[in-house]
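Bear in mind these aren't lab numbers, they're just calculated from the coordinates by the rules spelled out. Computed from a predicted structure; not experimentally measured. So basically every Cβ, Gly included, is an ideal-geometry build from the backbone, and we count neighbours across all protein chains shown.
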Amino acid sequence: MTAADAAAANADADLDAKLRAQLAAPLAATPWTQLRGRPVERYDGKVRDCYIDRERGERVIVVTDRLSAFDKVIGLIPSKGQVLNQLARFWFERTAHLAPNHMIAVPDPNVMIARECEPLPVELVMRAYLTGVTSTSIWRAYERGDRTFCGHPLPDGMRKNEPLPEAILTPSTKAAKGDHDVSVSREELLAMGRIAPDVFDRAAALAAALFAEGQRFAASRGLILADTKYEMGIARDGTLTVIDEIHTPDSSRYWYAEDYEARLGRGEEPRSLDKEYVRRWLANEGGFSGDGPSPVLPDEVRLEAARRYIATYQLVTGERFVPDTQPPIPRIAAALGAT
Ligand SMILES: Nc1ncnc2c1ncn2[C@@H]1O[C@H](COP(=O)(O)OP(=O)(O)OP(=O)(O)O)[C@@H](O)[C@H]1O
Ligand SMILES: [Mg+2]
């Protein structure tokens, strides 16, 4: 072992010890009602706790360690909130020249202060591969015999996880809390009358540009960005703006490029870095397909999920991930003046 290998092994052992310690005290939820003495509106998503200051037009987003899958909160993954927030920051900075985004500041590893926007009623899903495990995935539709997906023709004879002829946009309408989202074509979406054609087309163009850059950059890091989901909204000044998160392992599928072809040839699943690991555990080991109560994630699965989130961060950014080990609630409260 060289000195550098030994240092890396020590660093990994140190990281693992920190993650293990966090198993008992992850960031589950935040309890505040005021920021710096100002009352704020509260909205809890599955993953993020949002504090909205309408007067300032700001949304303070606390990214927790909650993991959602099959549209439900499934469990808590050590350091997940920090990974997600810092990866979103990385990508927002890298792509700001392609599309305006909501990021104003990152005052804490788990917090992003964002411009409050009026969200479009649709998620912009970009896909470059025939894949997925849930009942609403493009692969399941193809397996059932569908040869168009959201208005895009799909050639016969494709195998699971193969690249699509070109990247496609498959808009997904946002369902109410607890319901599953529905994939639709541009025409179906416009027929619902919830979004103007020109707004949708501008959002689609931004999504395509962001996805192309995401794929290009991921490839330069030895990764395949197989698919991703963008949320966009209209800012107070009318600017179409990317909101929520971008190119994180929650909103995207990342695969290792190096053995993708070989595994595809053998009919094996790609080695993935994203949430797919937990989805597969739930489906295979947990026998869970989204209905009823979800199985409890064993600590070893939570740890392995954390390692994968962190690996994504390190591969994409090229930087070591340093988990913040201070108790998160008092730390964030101090950073935000939250009470
Ligand atoms: N800049 C922004 N302006 C307005 N809303 C935003 C902004 N950024 C994110 N959001 C919204 O804040 C919430 C973030 O929480 P989270 O990602 O946990 O939600 P979710 O579980 O994915 O979705 P849901 O809202 O259905 O619970 C989402 O509803 C998202 O659309
Ligand atoms: Mg979300």
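With charges only on Cβ, +1 for K and R and -1 for D and E, what is the dipole size of segment 56-115 about its Cα centre, in debye, rounded to 20?
On the way: 8 positive and 5 negative charges, 18 e Å.
It comes to approximately 80 debye.
What FRET efficiency, computed as 1/(1 + (r/R0)^6) with R0 = 30 Å and r the Cβ-Cβ distance, is obtained for residue 262 and residue 285, rounded to the nearest 0.05?
Working: r = 25 Å, r/R0 = 0.85.
Here the calculated transfer efficiency is 0.75.
Show me the GluC sites (Glu not before Pro) within segment 251-291 that DSSP assigns to loop and that have at most 16 other Cβ atoms within 10 Å of their Cβ. Intermediate results must be reported in sequence, preceding the final value.
Numbers: sites: 258, 261, 268, 276, 285; in loops: 258, 268, 285.
Filter output for segment 251-291: 258, 268, 285.
Expressed in nm to one decimal, what extension gain is obtained for the pair residue 20 and residue 188 from 0.36 nm per residue of sequence separation less their Cα-Cα distance? Could the numbers behind the result be given before it?
Working: separation 168, 0.36 × 168 = 60.48 nm, distance 4.71 nm.
Extra length from residue 20 to residue 188 when fully extended: 55.8 nm.
Compute the length gained on full extension between residue 54 and residue 33: take 0.36 nm times their separation in residues and subtract their Cα-Cα distance, giving the result in nm to one decimal.
Full-extension gain reported as 6.2 nm.
How large is the dipole of segment 1-85 about the Cα centre if only Lys and Arg carry +1 and Asp and Glu carry -1, each at its Cβ, rounded to the nearest 20 debye?
400 debye
Using a 10 angstrom cutoff on alpha carbons, build the Gaussian network for the chain and name the most mobile of 249, 197, 26.
Evaluated over the chain, the most mobile residue of the options is 197.
Work from the charge dipole of the chain (Cβ charges, +1 for Lys and Arg, -1 for Asp and Glu, about the Cα centre) and give the residue of 110, 2, 264 farthest towards its positive end.
Of 110, 2, 264, it is 110.
Give me log10 I(q)/I(0) at q = 0.08, 0.09 Å⁻¹ for the chain, Debye formula, one equal scatterer per alpha-carbon, no solvent.
-0.38, -0.49
As I understand it, the dipole of the chain uses +1 on the Cβ of Lys and Arg and -1 on the Cβ of Asp and Glu, about the Cα centre. Which of 315, 332, 86 lies farthest toward its positive end?
Sorting the options by dipole projection puts first 332.
Rounded to the nearest 0.05, what FRET efficiency do residue 173 and residue 7 give with R0 = 56 Å and r taken as the Cβ-Cβ distance? Could you check? Mind showing how you got there, number by number?
Numbers: r = 50 Å, r/R0 = 0.88.
The computed FRET efficiency comes out at 0.70.
Using the Cα centre of segment 238-339 as the reference point, and only Cβ charges (+1 on K/R, -1 on D/E), how large is the resulting charge dipole? Debye, rounded to the nearest 20.
Numbers: 12 positive and 17 negative charges, 29 e Å.
So the dipole magnitude of segment 238-339 works out to roughly 140 debye.
Residues of segment 118-144 with the amide nitrogen closer than 19 Å to a label point 7 Å from the Cα of residue 315, along Cα-to-Cβ, please.
Those under the cut-off are 127-133.
Once you sort the root eigenvalues of the Cα gyration tensor of segment 62-136 as a ≥ b ≥ c, which label holds: rounded (a/c under 1.5), prolate (a/b larger than b/c) or oblate (the other case)?
Working: a/c = 1.77, a/b = 1.18, b/c = 1.51.
Judged from the Cα gyration tensor, segment 62-136 comes out oblate (a/c at least 1.5, b/c at or above a/b).
Which number gives the lysine pairs in the chain that have C-alpha atoms under 26 Å apart and are eight or more places apart or on different chains?
26
How do 64-77, 91-104 rank on mean C-beta neighbours within 10 Å, highest first? Please list the in-between numbers first.
Numbers: 64-77: 21.3, 91-104: 18.3.
Ranking, from highest mean packing down: 64-77, 91-104.
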